[in-house]
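The values are calculated or read from the model by the stated rules, or taken from the named source; none is laboratory data. Nothing here was measured: the structure is a model prediction, and the numbers come from that model. Note: ideal-geometry Cβ built from the backbone for every residue, glycine included; neighbour counts use all protein chains shown. All accessible areas refer to the heavy atoms of the entire protein, side chains included, with ligands and DNA or RNA removed. Shrake-Rupley method; radii C 1.70, N 1.55, O 1.52, S 1.80 Å.
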Amino acid sequence: MNKLVVVTGASRGLGLAIVKQLLKHTVIKYDVLAISRSKSDELLQLEEEYSTSDKRLHILNADLLKLNNIQALCTKMVKDYGRPYALINNAALGFDGVLATMHNSQIDELLSVNVQAPILLSKYLLRPMLLNRKGRIINISSIIAKTGFNGLSVYAASKAALEGFSFSLAREVGKAGVTVNCVAPGYMQTDMTQSLQGEKLESVKRRSPLGRLATPDDAASAVLYLLSEEANAITGTVITVDAGSTA
Amino acid sequence: MDIESIIRKTLLEVAEMADCTLVDNIDEHTVLLQSGLDSLGFAMLVAQLEEDLAIDPFSEMEMAVYPRTFGEFVAVYRQSLSQRD
């Protein structure tokens, strides 16, 4: 039987890379519930590709900023598609700007989408995993959670919160066969990091031991590993995928 | 089947699933934390009841409520079901 994986923020960047790798995986067959606020062209193309075969990709439109809708969303997912094997909390906002002039509404939105939404999704999708006595929760963090970065203080706070959440939740649910981990990518060239350009970008690349940035595919591979049976004994930890930048 | 019987039946199933040994003669005065089911077991009980009854009284409540006894736990579900009907 195929394993059902829920991926948030699936339309672009790392989320899309994760969805693609899940669908292409040959050893384990995954069905994917891709949650996104809007459908990107690439996601639509994938939907077309996988709707002609055995319909392994389902796309649900949802705005995770609407925290009050999350329980109903989870209930619908379980009712319509069955108990999920895994949840990948990837959706995030990445406003940058110095704190002193960041608007309070942006701080509020960022913490809602990056922290509260993954906590609520975990709460409600964890329940069917507990009943299955098996499951995976993977939270996408960032190296910024530990290193810090000028202009990303709120984003950094949100990612550090997600890591702290993951460590405690791992202790809570380990007995039920559910693992909880984080993947912390370094700078990747995605829509979210568009503002990192020119000399700043070159400097990040130069300082990396591998002389390059990690790609969304590199980070997605770490997620796929954590989903596998081989990662059964890994819980409450962070896998950094940054081409060595923080070494 | 009335709601108390459904909860009792589910409690037995979940206790087995969670490897917990329930105390004998659970009645309305039995303190939940002394029933033999641990906190993860209670999470599983709430999850199973949500799947079976399509209600989660604890999320529906405006305020956080933690029933202390088995009787209070049943009452929370009974009230939630009556509001749905």
Taking each residue of A:124-133 in turn, how many C-beta atoms of other protein chains fall within 10 Å of its C-beta, and what is the average?
4
Counting Lys and Arg as +1 and Asp and Glu as -1, each charge on the Cβ, what is the dipole of the protein assembly as shown about the Cα centre in debye, to the nearest 20?
960
What FRET efficiency comes out for B:GLU4 versus B:PHE58 if R0 is 25 angstrom and r is the Cβ-Cβ distance? Round to the nearest 0.05.
0.90
With an 8 Å cut-off on Cα pairs and a minimum separation of 6 or more residues, tell me the relative contact order of the stretch A:106-235 in percent.
26
Where nothing but the Cβ of Lys and Arg (+1) and of Asp and Glu (-1) is charged, how large is the charge dipole of the stretch A:1-60 around its Cα centre, in debye to the nearest 20?
220
Which pairs, out of A:LYS123/A:LYS175; A:LYS39/A:LYS123; A:LYS3/A:LYS55; A:LYS79/A:LYS175; A:LYS24/A:LYS123; A:LYS3/A:LYS24, put more than 18 Å between their alpha-carbon atoms?
A:LYS39/A:LYS123; A:LYS79/A:LYS175; A:LYS24/A:LYS123
Residues in the stretch B:48-72 occluded by at least 40 Å² - accessible area, probe radius 1.4 Å, against chain by itself:
B:GLU50, B:GLU51, B:SER59
Which aspartates and glutamates, if any, have their Cα less than 17 Å from the Cα of A:LYS66, not counting same-chain residues under 8 positions apart?
A:ASP108, A:GLU109, B:GLU60
Taking the Cα-to-Cβ direction at A:GLU229 and at A:ASP217 and moving 7 Å from each Cα, how far apart do the two end points lie in nm?
2.7
Could you give the angle, 0 to 90 degrees to the nearest 10, between helix A:198-207's Cα long axis and the longest principal axis of the Cα atoms of chain A?
80
Accessible area expressed per residue, the protein assembly as shown, with surrounding protein chains retained (probe 1.4 Å, Å²):
49
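Multiplying the sequence separation of A:LYS29 and A:SER51 by 0.36 nm and subtracting their Cα-Cα distance, what value in nm do you get?
Values: separation 22, 0.36 × 22 = 7.92 nm, distance 1.52 nm.
Extra length from A:LYS29 to A:SER51 when fully extended: 6.4 nm.
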Tell me, what % of the accessible area of the stretch A:153-242 is carbon and sulfur with a 1.4 angstrom probe?
53
